[in-house]
Amino acid sequence: MKNYNIAIDGPAGAGKSTIAKIVAKKLEYIYVDTGAMYRAMGIYMLNNGISVEDEESVSKACKDVKITIEYIKGEQQVILNGDNVTGTIRTEEAGKLASAVAKYKAVRAKMVELQKSLAASSNVIMDGRDIGSVVLPNADLKIYLTASSGERALRRWKELEEKGIPSDLNEIETDIIKRDQQDMNRKISPLCQAEDAVLLDTSDLTIDEVIDTIISLFQEKCSEDLV
Ligand code: DC
């Protein structure tokens with residue numbers, strides 16, 4: 001039986017994971033958060049005193065890293081060399097480390113292999129930076145989800161406020177812009193909108209509007225197979 005794949009790419013803080021998680025639940029697909037894998041790799045380097053700016057050392061060390069994905073009650077768990085790091089990789093620091101190690105060929109080769117194998121065995125909705133362009137070039141639907149950097153920063157600031165974590169809105173926006181630039185300008189698999197991806201700017205859309213749009217696009221695309 002054919003597996004269906006939905007690819008969602010876009011810059012930091014565009015709401016990819018929030019949206020992808022809900023769409024996955026509605027369609028009963030598996031949600032794969034690929035950023036979490038790069039975050040785990042970045043954390044491994046930090047914990048082992050390896051500078052993420054040192055490509056040679058990172059490339060060598062990444063051979064010792066075993067990242068696996070498990071699901072508990074439908075929630076993705078990231079296992080780093082046997083330890084569940086799901087709860088510790090969500091920080092801004094882990095995001096920066098992830099973006100730094102994601103520049104390297106050896107790291108990407110390892111992550112892409114894992115991601116492709118996950119998509120080969122299930123219906124998945126996968127989000128990241130190179131999903132439509134590299135990991136799932138034949139995805140049934142590709143979405144490029146974006147929003148202005150101001151709006152993305154504001155959403156992240158509100159999220160932190162709700163958790164009682166004080167933060168500076170300008171600093172958040174500066175960090176987001178820096179990370180996007182690094183992800184868009186790297187040599188290997190830079191963040192880009194795949195030619196056949198649908199651009200969805202969510203700056204003025206509610207979460208429900210984005211979800212409904214994606215589900216209708218998917219149903220339209222797959223209408224022949226699904227009837
Ligand atoms: O989606 P995120 O914020 O968790 O991703 C963290 C970093 O990982 C992101 O800044 C770039 C990198 N990344 C990548 O290069 N390719 C992916 N498919 C996913 C994430």
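What to note about this one:
- The chain: most fluctuating residue of A120, A194, A102 per GNM, C-alpha cutoff 10 Å: A120
- Where Rh is the Kirkwood radius over Cα pairs, Rg/Rh for segment 113-155: 1.09
- Based on Cα atoms of segment 6-114, Rg over Rh with Rh as the Kirkwood radius reads 0.96.
- Highest-MSF residue in the chain out of A20, A61, A139 [GNM, Cα springs under 10 Å]: A61
- Here the chain is treated with +1 on each Lys and Arg Cβ and -1 on each Asp and Glu Cβ, and its dipole about the Cα centre works out to around 720 debye.
- Taking a ≥ b ≥ c as the square roots of the eigenvalues of the alpha-carbon gyration tensor, the chain is classed oblate because a/c is 1.5 or more while a/b is no larger than b/c.
- Estimated purely from DSSP H runs of n ≥ 4, each contributing -39500 (n - 2.57), the mean residue ellipticity at 222 nm for the chain is -15000 deg cm²/dmol once divided by its residues.
- Two-site label geometry, A109 and V198: point separation in nm, points 7 Å out along Cα→Cβ: 3.6
- Pairwise label distance in nanometres, T68 with D83, each label 7 Å out on the Cα-Cβ vector: 1.7
- The local environment of A153, defined by Cβ-Cβ distances under 13 Å, has a net charge of -3 under the rule Lys, Arg +1 and Asp, Glu -1.
- Axial C-alpha extent at least 27 Å, average Kyte-Doolittle at least 0.5 - helices from the chain (DSSP): none
- Inter-probe distance in nm under a simple model that places probes 7 Å from Cα toward Cβ, at D212 and E55: 4.7
- Relative contact order, whole percent, for segment 43-179 stands at 15, derived from Cα pairs under 8 Å and 6 or more residues apart.
- Restricting the GluC sites (Glu not before Pro) of segment 137-224 to loop positions (DSSP other than H, G, I, E, B) with no more than 16 neighbouring Cβ atoms within 10 Å leaves E195.
- Note: relative contact order over segment 98-227, using C-alpha pairs below 8 Å and six or more positions apart, is 33 percent.
Computed from the coordinates by the stated procedures, all read-outs in this text should not be read as laboratory data. Predicted, not measured: the structure shown is a model, and the values here were computed from it. Backbone-built Cβ (ideal geometry, glycine too); neighbour counts: all protein chains shown.
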